[in-house]
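Visitor: Encoded as structure tokens, here's the structure I'll be asking about.
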């Protein structure tokens, strides 16, 4: 079996876990190893998709609801205590922001 198929299968299982405490803990442990940074007490809803997870940081106490999609190709940093509602899309593909001193 090709490794990509196995990775896709694991992702599908992790992603489809129920949105209860157990599902959230398993998703947290899975993404903790994949993201550039994942803070403490972060809640990740089911069907959460990430492109370029190695370029995504999520701060302490943040929550991302179900069916969200994040494309972190040019890097995405989500601060502390941020709440992202269901069905949101965040994309950095063609939106590189060079003024690092401004908070957006």
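The values are calculated or read from the model by the stated rules, or taken from the named source; none is laboratory data. In this text, all values refer to a predicted model and were calculated from it rather than measured experimentally. For neighbour counting, all protein chains shown are included, and Cβ atoms are generated from backbone atoms with ideal geometry for every residue, glycine included.
Visitor: Might you check whether a residue that is surrounded by fewer than 15 Cβ atoms within 10 Å (Cβ to Cβ), closer than 22 Å to residue 88 by Cβ and in contact with a helix residue (DSSP H, G or I) (Cβ under 7 Å, 6 or more places away or on another chain) occurs anywhere in region 36-45?
Guide: The answer is no; no qualifying residue exists.
Visitor: Sort out which residues of region 19-45 are modelled with pLDDT of 85 or more and assigned to a loop (DSSP other than H, G, I, E, B), and write them in order of number.
Guide: Passing the criteria: 20, 35, 36, 39, 40, 41, 42, 45.
Visitor: A further question on this structure: Name the single residue that is modelled with the highest pLDDT among those in region 61-77 being surrounded by fewer than 18 Cβ atoms within 10 Å (Cβ to Cβ) and more than 22 Å from residue 17 (Cα to Cα).
Guide: Looking only at region 61-77, we keep the residues that are surrounded by fewer than 18 Cβ atoms within 10 Å (Cβ to Cβ), and these are 61, 63, 66-67, 69, 73-75, 77.
Keeping just the survivors that are more than 22 Å from residue 17 (Cα to Cα) gives 73-75, 77.
Values: 73: 90, 74: 88, 75: 91, 77: 95.
Filtering region 61-77 for residues that are surrounded by fewer than 18 Cβ atoms within 10 Å (Cβ to Cβ) and more than 22 Å from residue 17 (Cα to Cα), the one modelled with the highest pLDDT comes out as 77.
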